[in-house]
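Here the structure is laid out as structure tokens; the discussion comes afterwards.
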Amino acid sequence: MLRYGFLVLALVGLMGCAADPIWAPDEDVNRVRYIHPGPKSITLYTMKNVGSGNGAHTSMLINASERIMWDPSGTFKHPQMPERNDVIFGMSPAALNVYVDYHSRESYYTVARTIEVPADVAEDLMRRAMAHGAVMNAYCTNSTYGLLKETPGFEHLRASFFPNKLDDQFAKLPGVVTEEFRDDDPDKESALKRHANF
């Protein structure tokens, strides 16, 4: 009986860790779908603490037949960017600017590492991201690694729960282009207020 009680408590604990699913309606998603010109690519985003340099969050921009943001267990929400289980749609240049501005502030900066990939590779990664489902807290890097390890050209990446570990590996990929975004805004919510109607 005691063992049964522990099993029930464990199950309840696991249920408490489950991610909350979000599913935007078709009309909202279809209204904002964005096709980005140029080569197909994958961009790894790592949000880092200004003082320590420690990674705080991992996300991934996928430019395939449309451009989406894989934002596992992320806090970013915007009424003009519908979400389905950690996939944000409508990632136009203006939308991407809002996303990066939200994460880059006085205490955190954002590193973006972009690499070009064949169209079929980008498309397959995008489809798997869309089918993945919502991610539990603290699994942003591990879930991103899980998608990348099944992607041609990224199989050698090593698993990690630490954003900087994945970022360091991504930085060594041939042909990767790196950008850094900094902002002295102390209020992370103000980016959304400034871009309420971007």
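Values quoted throughout were computed directly from the atomic coordinates according to the rules given, and no laboratory measurement underlies them. All values derive from a computational prediction rather than experimental measurement. Please note: Cβ atoms are built from the backbone with ideal geometry, for glycine as well, and neighbour counts cover all protein chains shown.
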Along the dipole axis of the chain (charges at Cβ: +1 for Lys and Arg, -1 for Asp and Glu; origin at the Cα centre), the most positive-end residue among H195, P152, P93 is P152
Proximal charge balance of A159 [Cβ under 15 Å; K/R count +1, D/E count -1]: -1
For region 128-145, in order, what is each residue's ³J(HN,Hα) by Karplus, 6.51 cos²θ - 1.76 cosθ + 1.60 with θ = phi - 60°, in whole Hz (x at glycine and Pro)? 5, 5, 5, 8, 5, x, 5, 9, 5, 3, 6, 10, 4, 6, 4, 5, 5, 4
Taking the Cα centre of the chain as origin and charging only Cβ (+1 Lys, Arg; -1 Asp, Glu), how large is the dipole, in debye to the nearest 20? 380
Bins of 10 Å, beginning at zero and ending with the bin holding the largest distance: percent of Cα pairs per bin for region 22-194, please. 10, 41, 39, 10, 0
Mind sorting L173, L61, L166, L157 by how few other Cβ atoms lie within 10 Å of their own Cβ, fewest first? L173, L157, L61, L166
Applied in sequence order to region 111-120, the curve 6.51 cos²θ - 1.76 cosθ + 1.60 (Karplus, θ = phi - 60°) yields integer Hz couplings, x standing for Gly and Pro, of 10, 10, 10, 10, 9, 6, 9, x, 4, 5
Of region 146-185, those with amide N under 15 Å from the point 7 Å along the Cα→Cβ vector of V50 are 181-185
Kirkwood-based Rg over Rh for region 105-161 (C-alpha set), two decimals? 1.01
222 nm [θ] for the chain, helices only, -39500 (n - 2.57) per DSSP H run of 4+, per residue, to 500? -10500 deg cm²/dmol
Roughly what would the spin-label model give for F162 and E27, points 7 Å off Cα along C-beta, in nm? 4.9
Within the chain, pairs of Lys residues whose Cα atoms are less than 14 angstrom apart, provided they are eight or more positions apart or on distinct chains, add up to 4
Using a 10 angstrom cutoff on alpha carbons, build the Gaussian network for the chain and name the most mobile of S52, S104, S41. S52
